[in-house]
């Protein structure tokens, strides 16, 4: 009795587990018999092109098949027999899924393998108060500014990237001087920064990392309506940021960054006002497009 149960289990699991071969029905109206005999009861008929799973060997000119789930009825049950002359061996994965034998594949997370990244972005920032404002007769207060730029990166290891960044930024402040006149201050500059980034996530569609960079403030220009003055100076700039990318496709996505820029320069403002500390250090937010290839 145990042997019979074991043999039955092997036969059942070999079929229900889809370990046997795949067939396509060759002709419309192909009958599925209850037993491997043309005089046996016909359970149902199958159309040309229907994909089924069946036994690896024929019996008396018939293959035992597993009836597609969507075609089964209470009367038909799970199994039937089809003449081998009505079957063609083979069937694609898509046809098997359509027939109900396989689930559609679940998209797995895949690690991104691009080498290069190009980003174009806009920036908003809030500059800290500095001595330059006070010296020019302006209130020492925070100022909002904006910028735009781009960067190019190279993914030299699975978790690491480095690159260069260029940014043009500016802010302006309008104020009323002690005599009641309207004045303004405007600072604008260009930063060229090299950076290195550690990527703590790089699984499609996300990239997330933290980076540190340093470089030069190539030319910062201060323009002041008071005494029609202007000053140009340069210095070092440093950034620390968290950067995030979300890819819509394999190559195109959005990028965002939150960070802090350290840019504190000492410069002569205008001849009759002397030298002052110009503090353009600021928290910033970047938002733009990312292209990977």
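The values are calculated or read from the model by the stated rules, or taken from the named source; none is laboratory data. What you are looking at is a predicted structure, and each value in this text was computed from that prediction instead of being measured. Cβ sites come from the backbone with ideal geometry, for glycine too, and all protein chains shown count toward neighbours.
Condition check: in contact with a helix residue (DSSP H, G or I) (Cβ under 8 Å, 6 or more places away or on another chain) and at pLDDT below 95. Does residue 235 satisfy that? Lay out the reasoning, then the answer.
Numbers: in contact with a helix residue (DSSP H, G or I) (Cβ under 8 Å, 6 or more places away or on another chain): no; at pLDDT below 95: yes.
No, not satisfied.
Restricting to segment 120-175, what's the tally of residues that are in a strand (DSSP E or B), over 25 Å from residue 292 (Cα atoms) and free of Cβ contacts under 8 Å to residues at least 24 places away in the same chain?
So the answer is 1.
Has segment 205-218 got any residue that is in a loop (DSSP other than H, G, I, E, B) and more than 22 Å from residue 136 (Cβ to Cβ)? Steps first, answer last, please.
Restricting attention to segment 205-218, the residues satisfying the condition of being in a loop (DSSP other than H, G, I, E, B) are 205.
Cutting the leftovers down to more than 22 Å from residue 136 (Cβ to Cβ) gives us 205.
Yes, that holds for at least one residue.
Restricting the search to segment 26-51, which residues are under 13 Å from residue 76 (Cβ atoms) and in contact with a helix residue (DSSP H, G or I) (Cβ under 7 Å, 6 or more places away or on another chain)?
Across segment 26-51, the qualifying residue is only 44.
Using the structure shown, decide if residue 130 is surrounded by fewer than 17 Cβ atoms within 10 Å (Cβ to Cβ) and more than 35 Å from the chain's Cα centre (by Cα). Talk me through it step by step, then tell me what you get.
On the way: surrounded by fewer than 17 Cβ atoms within 10 Å (Cβ to Cβ): no; more than 35 Å from the chain's Cα centre (by Cα): yes.
So residue 130 fails the test.
Please note which strands (runs of 3 or more DSSP E) are completely contained in segment 1-65 and include at least 2 residues that are buried (at least 16 other Cβ atoms within 10 Å of the Cβ) and modelled with pLDDT of 90 or more. Let's see the steps before the verdict.
Numbers: elements: 21-25, 30-33, 42-46, 51-54.
The qualifying strands (runs of 3 or more DSSP E) are 30-33, 42-46.
Can you pull out the residues in segment 209-223 that are modelled with pLDDT under 95 and either closer than 21 Å to residue 114 by Cβ or in contact with a helix residue (DSSP H, G or I) (Cβ under 9 Å, 6 or more places away or on another chain) (or both)?
Within segment 209-223, 222 is the sole residue that qualifies.
Among the residues of segment 156-173 satisfying the criterion of being surrounded by 12 or more Cβ atoms within 10 Å (Cβ to Cβ) and modelled with pLDDT under 85, which is farthest from the chain's Cα centre (by Cα)?
Going through the qualifying residues, I end up with 173.
Would you list the strands (runs of 3 or more DSSP E) that sit entirely within segment 240-293 and hold 1 or more residues that are modelled with pLDDT of 90 or more and under 27 Å from residue 172 (Cα atoms)? If you could, list the steps in order and put the result at the bottom.
Details: elements: 252-262, 264-268, 275-279, 282-292.
It comes to 252-262, 282-292.
Read through the list (1) at pLDDT 75 or above; (2) on the phi > 0 side of the Ramachandran plot; (3) surrounded by 14 or more Cβ atoms within 10 Å (Cβ to Cβ), then give the number of the only condition that residue 77 fails.
(3)
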